[in-house]
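Student: This structure is in C-alpha coordinates; I'll ask about it shortly.
The values are calculated or read from the model by the stated rules, or taken from the named source; none is laboratory data. Everything numeric here is computed off the predicted structure, so don't read it as measured data. A quick note on method: Cβ atoms are made from the backbone with ideal geometry, for glycine too, and the neighbour counts reach across all protein chains shown. Just the protein is used for accessible areas: all its heavy atoms, side chains included, with ligands, DNA and RNA removed. Shrake-Rupley method; radii C 1.70, N 1.55, O 1.52, S 1.80 Å.
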Amino acid sequence: MRTSLCDILGMEYPIFAFSHCRDVAAAVTNAGGFGVYGALGSTPEHLDEQLRWIDEQVRGRPYGVDIVLPARSLEDDHPAPGALEAMIPDANRAFVVELLDRHGVRLEAARSDAGRVSSKAAERELVDVVVAHRARMLVNALGPMPVDIVERCHDAGVRVGALVGTARHAEKQVANGVDVIVAQGTEAAGHTGEISTMVLVPQVVDAVAPTPVLAAGGIASGRQIAAALALGAQGVWTGSLWLTVVESDTGPALKDKILAASSSDTVRTRSVTGKPNRFLRSAWTEAWDQAGAPAPLPWPLQMMLTTPAISRIMQLDEPALVTTSVGQGVGLVHAPRTARAVVIGLVEEFVDAAATVAALLGGAAPA
Ligand SMILES: Cc1cc2nc3c(=O)[nH]c(=O)nc-3n(C[C@H](O)[C@H](O)[C@H](O)COP(=O)(O)O)c2cc1C
(Lines give C-alpha, C1' and ligand atoms only; values in the text may rest on other atoms or scores of the structure.)
Protein backbone atom coordinates (compact mmCIF):
# COMPACT_ATOMS: atom_id res chain seq x y z
CA MET A 1 0.00 0.00 0.00
CA ARG A 2 3.04 2.30 0.19
CA THR A 3 2.80 5.31 -2.13
CA SER A 4 5.30 8.13 -2.67
CA LEU A 5 3.35 10.28 -0.21
CA CYS A 6 4.39 7.80 2.51
CA ASP A 7 8.03 8.59 1.71
CA ILE A 8 7.36 12.34 1.73
CA LEU A 9 5.52 12.35 5.08
CA GLY A 10 7.23 9.36 6.68
CA MET A 11 4.43 6.92 7.49
CA GLU A 12 3.93 3.28 6.56
CA TYR A 13 0.40 3.35 5.12
CA PRO A 14 -1.29 6.25 3.29
CA ILE A 15 -4.23 6.13 5.69
CA PHE A 16 -5.04 9.56 7.12
CA ALA A 17 -7.32 9.66 10.16
CA PHE A 18 -9.01 12.91 11.12
CA SER A 19 -10.12 13.12 14.76
CA HIS A 20 -10.89 15.75 17.39
CA CYS A 21 -9.65 13.18 19.91
CA ARG A 22 -5.90 13.27 20.50
CA ASP A 23 -5.83 9.62 21.62
CA VAL A 24 -7.21 8.52 18.25
CA ALA A 25 -4.79 10.68 16.25
CA ALA A 26 -1.81 9.33 18.21
CA ALA A 27 -3.02 5.70 18.04
CA VAL A 28 -3.40 5.80 14.24
CA THR A 29 0.05 7.32 13.83
CA ASN A 30 1.51 4.65 16.10
CA ALA A 31 -0.23 1.96 14.02
CA GLY A 32 1.55 3.14 10.87
CA GLY A 33 -1.04 5.58 9.54
CA PHE A 34 -1.17 9.37 9.75
CA GLY A 35 -3.27 10.83 12.58
CA VAL A 36 -4.65 14.33 12.06
CA TYR A 37 -5.75 16.25 15.15
CA GLY A 38 -8.82 18.44 14.51
CA ALA A 39 -8.09 21.75 16.22
CA LEU A 40 -11.33 23.61 15.39
CA GLY A 41 -12.30 25.78 18.36
CA SER A 42 -9.04 25.18 20.29
CA THR A 43 -7.27 28.00 22.07
CA PRO A 44 -3.52 28.18 21.32
CA GLU A 45 -2.86 27.02 24.91
CA HIS A 46 -5.16 24.01 24.55
CA LEU A 47 -3.66 23.05 21.18
CA ASP A 48 -0.15 23.39 22.58
CA GLU A 49 -1.07 20.99 25.41
CA GLN A 50 -2.65 18.48 23.01
CA LEU A 51 0.30 18.52 20.60
CA ARG A 52 2.78 18.21 23.46
CA TRP A 53 0.91 15.05 24.52
CA ILE A 54 0.78 13.70 20.97
CA ASP A 55 4.52 14.39 20.51
CA GLU A 56 5.22 12.32 23.64
CA GLN A 57 3.05 9.46 22.40
CA VAL A 58 4.25 9.23 18.80
CA ARG A 59 7.98 9.88 19.46
CA GLY A 60 8.83 11.31 16.06
CA ARG A 61 6.26 9.45 13.98
CA PRO A 62 4.29 11.75 11.68
CA TYR A 63 0.99 13.45 12.41
CA GLY A 64 -0.92 16.50 11.20
CA VAL A 65 -3.26 19.22 12.45
CA ASP A 66 -6.48 20.47 10.83
CA ILE A 67 -7.86 23.99 11.20
CA VAL A 68 -11.02 25.55 9.77
CA LEU A 69 -10.31 28.91 8.15
CA PRO A 70 -13.14 29.93 5.83
CA ALA A 71 -12.25 32.02 2.78
CA ARG A 72 -15.14 34.41 3.42
CA SER A 73 -16.99 35.02 6.66
CA LEU A 74 -19.36 37.67 8.00
CA GLU A 75 -16.65 38.67 10.44
CA ASP A 76 -14.69 40.19 7.51
CA ASP A 77 -17.38 42.87 7.16
CA HIS A 78 -18.34 43.18 10.86
CA PRO A 79 -15.09 43.18 12.84
CA ALA A 80 -16.32 45.25 15.83
CA PRO A 81 -16.48 43.27 19.11
CA GLY A 82 -20.04 42.10 19.75
CA ALA A 83 -21.21 42.97 16.22
CA LEU A 84 -21.85 39.36 15.27
CA GLU A 85 -23.55 38.48 18.59
CA ALA A 86 -25.99 41.34 17.96
CA MET A 87 -26.94 39.80 14.61
CA ILE A 88 -28.39 36.62 16.15
CA PRO A 89 -32.19 37.07 16.32
CA ASP A 90 -33.87 36.53 19.69
CA ALA A 91 -36.31 34.11 18.02
CA ASN A 92 -33.43 31.82 17.03
CA ARG A 93 -32.02 31.92 20.56
CA ALA A 94 -35.46 31.08 21.95
CA PHE A 95 -35.83 28.18 19.48
CA VAL A 96 -32.61 26.59 20.77
CA VAL A 97 -33.61 27.03 24.42
CA GLU A 98 -37.08 25.51 23.78
CA LEU A 99 -35.58 22.59 21.86
CA LEU A 100 -33.19 21.85 24.73
CA ASP A 101 -36.03 22.28 27.26
CA ARG A 102 -38.15 19.66 25.49
CA HIS A 103 -35.36 17.16 26.14
CA GLY A 104 -34.64 18.29 29.68
CA VAL A 105 -31.32 19.91 28.80
CA ARG A 106 -30.44 23.13 30.63
CA LEU A 107 -27.82 25.49 29.32
CA GLU A 108 -25.83 26.33 32.42
CA ALA A 109 -24.20 29.74 32.32
CA ALA A 110 -20.96 28.29 33.62
CA ARG A 111 -20.82 25.84 30.73
CA SER A 112 -21.79 28.23 27.96
CA ASP A 113 -18.12 28.70 27.05
CA ALA A 114 -17.46 24.94 26.97
CA GLY A 115 -16.94 24.99 23.23
CA ARG A 116 -14.94 27.90 21.89
CA VAL A 117 -16.49 29.32 18.75
CA SER A 118 -13.98 29.34 15.97
CA SER A 119 -13.17 32.64 14.28
CA LYS A 120 -10.72 33.43 11.52
CA ALA A 121 -8.44 35.29 13.93
CA ALA A 122 -8.57 32.41 16.43
CA GLU A 123 -7.79 29.75 13.82
CA ARG A 124 -4.86 31.84 12.51
CA GLU A 125 -3.36 31.91 16.01
CA LEU A 126 -3.21 28.10 15.90
CA VAL A 127 -0.77 28.10 12.99
CA ASP A 128 2.04 29.33 15.26
CA VAL A 129 1.43 26.39 17.59
CA VAL A 130 1.44 23.87 14.74
CA VAL A 131 4.76 25.06 13.36
CA ALA A 132 6.32 25.15 16.84
CA HIS A 133 5.55 21.43 17.30
CA ARG A 134 6.61 18.52 15.18
CA ALA A 135 3.44 18.33 13.07
CA ARG A 136 4.30 17.30 9.51
CA MET A 137 1.24 18.77 7.84
CA LEU A 138 -1.29 21.56 8.43
CA VAL A 139 -4.63 21.08 6.69
CA ASN A 140 -7.43 23.57 6.15
CA ALA A 141 -11.06 23.04 5.28
CA LEU A 142 -13.40 25.67 3.83
CA GLY A 143 -11.61 27.59 1.17
CA PRO A 144 -8.20 28.49 -0.24
CA MET A 145 -5.36 28.33 2.25
CA PRO A 146 -4.02 31.92 2.60
CA VAL A 147 -0.64 32.24 0.85
CA ASP A 148 1.05 33.76 3.93
CA ILE A 149 0.10 30.69 5.99
CA VAL A 150 1.39 28.35 3.26
CA GLU A 151 4.70 30.23 3.23
CA ARG A 152 4.94 30.23 7.02
CA CYS A 153 4.46 26.45 7.06
CA HIS A 154 6.90 25.82 4.24
CA ASP A 155 9.56 27.94 5.96
CA ALA A 156 9.13 25.69 9.02
CA GLY A 157 9.23 22.45 6.96
CA VAL A 158 5.51 21.78 7.46
CA ARG A 159 3.54 20.52 4.42
CA VAL A 160 0.17 22.06 3.69
CA GLY A 161 -3.02 20.24 2.74
CA ALA A 162 -6.53 21.40 1.88
CA LEU A 163 -9.96 19.81 1.64
CA VAL A 164 -11.86 20.45 -1.60
CA GLY A 165 -15.19 19.41 -3.09
CA THR A 166 -14.60 20.41 -6.74
CA ALA A 167 -11.71 20.25 -9.23
CA ARG A 168 -11.80 24.06 -9.60
CA HIS A 169 -11.26 24.52 -5.88
CA ALA A 170 -8.36 22.06 -6.03
CA GLU A 171 -6.69 24.13 -8.77
CA LYS A 172 -7.00 27.28 -6.64
CA GLN A 173 -5.42 25.54 -3.67
CA VAL A 174 -2.47 24.34 -5.73
CA ALA A 175 -2.06 27.87 -7.14
CA ASN A 176 -1.73 29.06 -3.51
CA GLY A 177 1.09 26.55 -2.91
CA VAL A 178 -0.81 23.70 -1.20
CA ASP A 179 1.15 20.40 -1.29
CA VAL A 180 -1.59 17.78 -0.78
CA ILE A 181 -5.22 17.92 -1.90
CA VAL A 182 -7.94 16.05 -0.02
CA ALA A 183 -10.76 15.43 -2.54
CA GLN A 184 -13.79 15.02 -0.32
CA GLY A 185 -17.01 13.65 -1.77
CA THR A 186 -20.52 14.43 -0.58
CA GLU A 187 -20.70 11.11 1.32
CA ALA A 188 -18.23 12.47 3.87
CA ALA A 189 -18.80 13.67 7.39
CA GLY A 190 -18.51 17.40 7.90
CA HIS A 191 -18.72 20.24 5.42
CA THR A 192 -19.27 18.66 2.04
CA GLY A 193 -20.13 19.63 -1.49
CA GLU A 194 -22.51 17.74 -3.75
CA ILE A 195 -20.20 15.59 -5.89
CA SER A 196 -19.61 11.96 -4.88
CA THR A 197 -16.15 10.62 -4.08
CA MET A 198 -16.16 8.21 -7.05
CA VAL A 199 -16.79 11.09 -9.47
CA LEU A 200 -14.72 13.77 -7.74
CA VAL A 201 -11.40 11.98 -7.15
CA PRO A 202 -10.41 11.28 -10.79
CA GLN A 203 -11.36 14.84 -11.78
CA VAL A 204 -9.21 16.31 -9.02
CA VAL A 205 -6.32 13.92 -9.73
CA ASP A 206 -6.30 15.02 -13.39
CA ALA A 207 -6.74 18.70 -12.56
CA VAL A 208 -3.78 19.00 -10.16
CA ALA A 209 -1.31 16.30 -11.31
CA PRO A 210 1.41 15.75 -10.14
CA THR A 211 0.19 17.14 -6.78
CA PRO A 212 -0.74 14.18 -4.56
CA VAL A 213 -4.45 13.70 -3.92
CA LEU A 214 -6.13 11.86 -1.04
CA ALA A 215 -9.60 10.41 -1.54
CA ALA A 216 -12.11 11.22 1.21
CA GLY A 217 -15.76 10.54 1.83
CA GLY A 218 -17.38 7.25 2.75
CA ILE A 219 -14.13 5.26 2.99
CA ALA A 220 -14.28 2.63 5.73
CA SER A 221 -12.81 -0.51 4.16
CA GLY A 222 -9.70 -1.79 2.42
CA ARG A 223 -11.74 -2.49 -0.72
CA GLN A 224 -12.51 1.21 -0.96
CA ILE A 225 -8.83 2.07 -0.47
CA ALA A 226 -7.98 -0.16 -3.45
CA ALA A 227 -10.66 1.68 -5.44
CA ALA A 228 -9.27 5.07 -4.33
CA LEU A 229 -5.76 4.18 -5.49
CA ALA A 230 -7.22 2.92 -8.78
CA LEU A 231 -8.82 6.36 -9.20
CA GLY A 232 -5.36 7.92 -8.97
CA ALA A 233 -5.32 8.92 -5.29
CA GLN A 234 -2.12 8.47 -3.31
CA GLY A 235 -3.99 7.58 -0.15
CA VAL A 236 -7.21 8.01 1.78
CA TRP A 237 -8.42 10.61 4.31
CA THR A 238 -11.00 9.25 6.74
CA GLY A 239 -13.05 10.62 9.64
CA SER A 240 -16.22 8.73 10.56
CA LEU A 241 -14.35 5.45 10.91
CA TRP A 242 -12.61 6.67 14.06
CA LEU A 243 -15.62 7.91 16.03
CA THR A 244 -16.31 4.45 17.44
CA VAL A 245 -12.81 3.12 18.03
CA VAL A 246 -11.99 2.10 21.59
CA GLU A 247 -9.67 5.11 22.07
CA SER A 248 -12.31 7.66 20.97
CA ASP A 249 -13.87 10.01 23.51
CA THR A 250 -17.30 9.75 21.85
CA GLY A 251 -19.96 9.33 24.57
CA PRO A 252 -21.55 5.87 25.04
CA ALA A 253 -25.05 6.85 23.80
CA LEU A 254 -23.64 8.50 20.70
CA LYS A 255 -21.28 5.57 20.05
CA ASP A 256 -24.25 3.17 20.18
CA LYS A 257 -26.24 5.36 17.79
CA ILE A 258 -23.34 5.48 15.33
CA LEU A 259 -22.76 1.72 15.44
CA ALA A 260 -26.48 1.08 14.88
CA ALA A 261 -26.81 3.64 12.06
CA SER A 262 -27.22 2.80 8.39
CA SER A 263 -25.97 4.87 5.47
CA SER A 264 -29.46 6.42 5.24
CA ASP A 265 -29.22 7.88 8.74
CA THR A 266 -27.09 10.89 7.80
CA VAL A 267 -28.27 14.25 6.54
CA ARG A 268 -26.58 17.33 5.10
CA THR A 269 -27.73 20.05 7.47
CA ARG A 270 -27.00 23.74 8.03
CA SER A 271 -28.36 23.48 11.56
CA VAL A 272 -25.00 23.25 13.30
CA THR A 273 -22.57 25.61 11.55
CA GLY A 274 -24.68 27.39 8.95
CA LYS A 275 -22.84 25.62 6.10
CA PRO A 276 -23.95 22.24 4.68
CA ASN A 277 -22.45 19.69 7.02
CA ARG A 278 -23.21 15.93 6.99
CA PHE A 279 -24.49 14.86 10.41
CA LEU A 280 -26.13 11.90 12.05
CA ARG A 281 -29.90 12.43 11.93
CA SER A 282 -31.19 13.21 15.45
CA ALA A 283 -33.88 15.17 17.26
CA TRP A 284 -31.59 18.20 16.77
CA THR A 285 -31.32 17.97 12.97
CA GLU A 286 -35.01 17.04 12.63
CA ALA A 287 -36.20 19.99 14.73
CA TRP A 288 -34.49 22.42 12.33
CA ASP A 289 -36.24 20.75 9.40
CA GLN A 290 -39.73 21.13 10.89
CA ALA A 291 -42.18 23.68 9.50
CA GLY A 292 -41.90 26.87 11.55
CA ALA A 293 -38.26 26.33 12.53
CA PRO A 294 -36.03 29.35 11.87
CA ALA A 295 -33.77 29.16 8.84
CA PRO A 296 -30.19 28.44 9.96
CA LEU A 297 -28.07 31.60 10.09
CA PRO A 298 -24.96 32.13 7.94
CA TRP A 299 -21.52 31.06 9.22
CA PRO A 300 -20.35 31.88 11.86
CA LEU A 301 -23.64 33.07 13.43
CA GLN A 302 -25.26 29.65 13.49
CA MET A 303 -22.14 28.18 15.07
CA MET A 304 -22.08 30.97 17.67
CA LEU A 305 -25.71 30.22 18.44
CA THR A 306 -25.39 26.43 18.60
CA THR A 307 -21.90 25.74 20.01
CA PRO A 308 -22.89 26.07 23.71
CA ALA A 309 -25.99 23.91 23.11
CA ILE A 310 -24.16 21.21 21.13
CA SER A 311 -21.34 21.15 23.70
CA ARG A 312 -23.88 20.65 26.49
CA ILE A 313 -25.72 17.91 24.56
CA MET A 314 -22.42 16.13 23.93
CA GLN A 315 -21.38 16.55 27.55
CA LEU A 316 -24.68 15.01 28.74
CA ASP A 317 -24.63 12.46 25.88
CA GLU A 318 -28.40 13.14 25.66
CA PRO A 319 -29.67 10.17 23.61
CA ALA A 320 -32.32 11.86 21.43
CA LEU A 321 -30.52 15.11 20.59
CA VAL A 322 -26.94 13.90 20.50
CA THR A 323 -25.44 13.94 17.04
CA THR A 324 -22.10 14.35 15.29
CA SER A 325 -20.60 14.95 11.90
CA VAL A 326 -20.68 11.53 10.30
CA GLY A 327 -20.58 10.26 6.73
CA GLN A 328 -22.51 7.64 4.79
CA GLY A 329 -19.70 5.16 5.51
CA VAL A 330 -21.30 4.88 8.96
CA GLY A 331 -23.31 2.00 7.49
CA LEU A 332 -20.09 0.00 7.06
CA VAL A 333 -19.05 0.02 10.73
CA HIS A 334 -20.97 -1.94 13.36
CA ALA A 335 -18.51 -2.92 16.11
CA PRO A 336 -15.97 -1.01 18.20
CA ARG A 337 -12.32 -1.94 17.60
CA THR A 338 -8.99 -0.43 18.57
CA ALA A 339 -7.49 2.07 16.15
CA ARG A 340 -4.62 -0.36 15.52
CA ALA A 341 -7.06 -3.17 14.65
CA VAL A 342 -8.85 -0.84 12.23
CA VAL A 343 -5.59 0.14 10.50
CA ILE A 344 -4.45 -3.49 10.22
CA GLY A 345 -7.90 -4.54 9.00
CA LEU A 346 -7.82 -1.87 6.28
CA VAL A 347 -4.40 -3.00 5.10
CA GLU A 348 -5.35 -6.69 5.04
CA GLU A 349 -8.57 -6.02 3.22
CA PHE A 350 -6.72 -3.81 0.72
CA VAL A 351 -4.30 -6.67 -0.04
CA ASP A 352 -7.23 -9.08 -0.51
CA ALA A 353 -9.02 -6.60 -2.78
CA ALA A 354 -5.92 -6.12 -4.93
CA ALA A 355 -5.61 -9.93 -5.21
CA THR A 356 -9.27 -10.24 -6.11
CA VAL A 357 -8.94 -7.69 -8.90
CA ALA A 358 -5.82 -9.42 -10.22
CA ALA A 359 -7.59 -12.80 -10.15
CA LEU A 360 -10.65 -11.30 -11.82
CA LEU A 361 -8.45 -10.12 -14.67
CA GLY A 362 -6.79 -13.52 -14.97
CA GLY A 363 -3.43 -12.42 -13.56
CA ALA A 364 -1.57 -14.10 -10.75
CA ALA A 365 -2.75 -13.00 -7.32
CA PRO A 366 -0.05 -11.19 -5.32
CA ALA A 367 1.44 -13.36 -2.54
C1 LIG B 1 -16.77 14.19 14.04
C2 LIG B 1 -16.15 14.78 12.83
C3 LIG B 1 -15.75 16.12 12.87
C4 LIG B 1 -15.16 16.70 11.76
N5 LIG B 1 -14.68 17.97 11.85
C6 LIG B 1 -13.89 18.46 10.87
C7 LIG B 1 -13.16 19.66 11.05
O8 LIG B 1 -13.23 20.31 12.10
N9 LIG B 1 -12.35 20.07 10.04
C10 LIG B 1 -12.23 19.35 8.87
O11 LIG B 1 -11.47 19.75 8.00
N12 LIG B 1 -12.91 18.21 8.67
C13 LIG B 1 -13.71 17.75 9.65
N14 LIG B 1 -14.36 16.55 9.47
C15 LIG B 1 -14.28 15.87 8.17
C16 LIG B 1 -13.05 14.96 8.10
O17 LIG B 1 -11.88 15.73 8.06
C18 LIG B 1 -13.07 14.09 6.85
O19 LIG B 1 -12.88 14.90 5.71
C20 LIG B 1 -14.33 13.26 6.66
O21 LIG B 1 -14.70 12.68 7.87
C22 LIG B 1 -14.06 12.17 5.62
O23 LIG B 1 -15.22 11.45 5.33
P24 LIG B 1 -15.69 10.15 6.14
O25 LIG B 1 -16.22 10.65 7.43
O26 LIG B 1 -16.73 9.57 5.26
O27 LIG B 1 -14.48 9.28 6.33
C28 LIG B 1 -14.98 15.95 10.56
C29 LIG B 1 -15.38 14.62 10.53
C30 LIG B 1 -15.95 14.02 11.65
C31 LIG B 1 -16.35 12.58 11.58
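Student: Would you mind calculating the gained length between Met87 and Glu348 on full extension (0.36 nm times residue separation, minus the Cα-Cα distance), in nm to one decimal?
Tutor: Gain in length upon complete extension: 88.7 nm.
Student: Here's a follow-up. Which order do the peptides 152-159, 267-274 come out in when sorted by mean C-beta neighbours inside 10 angstrom, highest first?
Tutor: Descending packing order for the listed peptides: 267-274, 152-159.
Student: So what's the angle, to the nearest 10 degrees on a 0 to 90 scale, between helix 301-316 and the longest Cα principal axis of the chain?
Tutor: It works out to around 80 degrees.
Student: Right, next: Leaving out ligands, DNA and RNA but keeping every protein chain, what accessible area does Lys120 have, in Å² rounded to the nearest 10, with a 1.4 Å probe?
Tutor: Here the accessible area works out near 40 Å².
Student: Sort 328-341, 87-100 by packing, meaning the average of other beta carbons within 10 Å per residue, with the highest value first.
Tutor: Sorting 328-341, 87-100 by mean packing, highest first, produces 328-341, 87-100.
Student: While we're looking at this one, here's another question. Relative to the longest principal axis of the chain, what angle (0 to 90°, nearest 10) does the C-alpha long axis of helix 90-102 take?
Tutor: Its long axis makes an angle of about 80 degrees.
Student: Here's another thing I want to ask about it. Might you report the magnitude of the Cβ-based charge dipole of the chain about its Cα centre, with Lys and Arg at +1 and Asp and Glu at -1, to the nearest 20 debye?
Tutor: So the magnitude is around 460 debye.
Student: For the chain, give the share of DSSP beta bridges that are antiparallel, in percent and rounded to the nearest 5; count only bridges with both residues there.
Tutor: The antiparallel proportion sits near 20 percent.
Student: Another one. Kindly report the accessible area of the chain per residue (heavy atoms of protein chains, probe 1.4 Å, no ligands, DNA or RNA), in Å².
Tutor: 42 Å²
Student: Something else about it: At 0.36 nm per residue, and after removing the present C-alpha to C-alpha distance, how many nm does the segment from Asp206 to Glu194 gain when stretched out fully?
Tutor: Length gained, Asp206 through Glu194: 2.4 nm.
Student: Based on the mean of other Cβ atoms within 10 Å per residue, sort peptides 215-223, 47-55 so the most packed one is first.
Tutor: Order by mean packing, descending: 215-223, 47-55.
Student: Around Asp206, with a cut-off of 15 angstrom between Cβ atoms, what is the net charge of the other residues, counting Lys and Arg +1 and Asp and Glu -1?
Tutor: Combined, the nearby Lys, Arg, Asp and Glu give 0.
Student: Checking the cross-link filter: which lysines have an alpha carbon closer than 26 Å to that of Lys255, excluding same-chain neighbours under 8 positions apart?
Tutor: Lys275
Student: Count charges around Val160 for me, please; just the other residues with Cβ under 12 Å from its Cβ, Lys/Arg as +1, Asp/Glu as -1.
Tutor: That works out to -2.
Student: Now, a different point. Hey, if you put +1 on the Cβ of every Lys and Arg and -1 on every Asp and Glu Cβ in the range 172-330, which of Gly327, Thr211, Ala291 ends up farthest toward the positive end of that dipole?
Tutor: It is Ala291, whose Cα lies furthest towards the positive end.
Student: Calculate, axis by axis, the spread of Cα positions in the chain along the three principal axes, and write the results as whole Å, longest axis first.
Tutor: So the three principal-axis extents are 66, 45, 39 Å.
Student: Now a separate question. Just the number, please: carbon plus sulfur as a percent of the accessible area of the chain, 1.4 Å probe, no ligands or DNA/RNA counted.
Tutor: In the chain, the share of accessible area belonging to carbon and sulfur is 54 percent.
Student: What percentages, rounded to whole numbers, describe P(r) for the range 179-241 computed over all alpha carbon pairs with 10 Å bin width beginning at zero?
Tutor: Per 10 Å bin, starting at zero, the Cα-Cα P(r) for the range 179-241 comes out as 26, 59, 14 percent.
Student: Bin width 5 Å, origin at 0, all Cα-Cα pairs of the range 1-126: what percent of pairs per bin?
Tutor: 2, 10, 14, 15, 14, 13, 12, 9, 6, 5, 1
Student: Can you tell me the orientation of helix 120-132 relative to the chain, as the angle in degrees between its alpha-carbon axis and the longest Cα principal axis, to the nearest 10?
Tutor: Its long axis makes an angle of about 40 degrees.
Student: I'd like the FRET efficiency for Thr166 and Asp77, computed as 1/(1 + (r/R0)^6) with the beta carbon distance as r and R0 of 22 Å, rounded to 0.05.
Tutor: 0.30
Student: Something else about it: Taking the DSSP beta bridges in the range 139-286 as the whole, what percent of them are antiparallel, to the nearest 5?
Tutor: Roughly 30 percent of the DSSP beta bridges within the range 139-286 come out antiparallel.
Student: For the pair His103 and His46, how long in nm is the line joining their label points, each one 7 Å along Cα→Cβ?
Tutor: Distance between the two pseudo-spin positions: 2.0 nm.
Student: Count the net charge of all other residues whose Cβ sits under 14 Å from the Cβ of Asp179, scoring Lys and Arg as +1 and Asp and Glu as -1.
Tutor: Taking every other residue near Asp179 into account, the sum is 0.
Student: If each residue of separation counts as 0.36 nm, what is the full-extension length gain between Gln57 and Ala94 once their alpha-carbon separation is subtracted?
Tutor: Computed gain between Gln57 and Ala94 is 8.9 nm.
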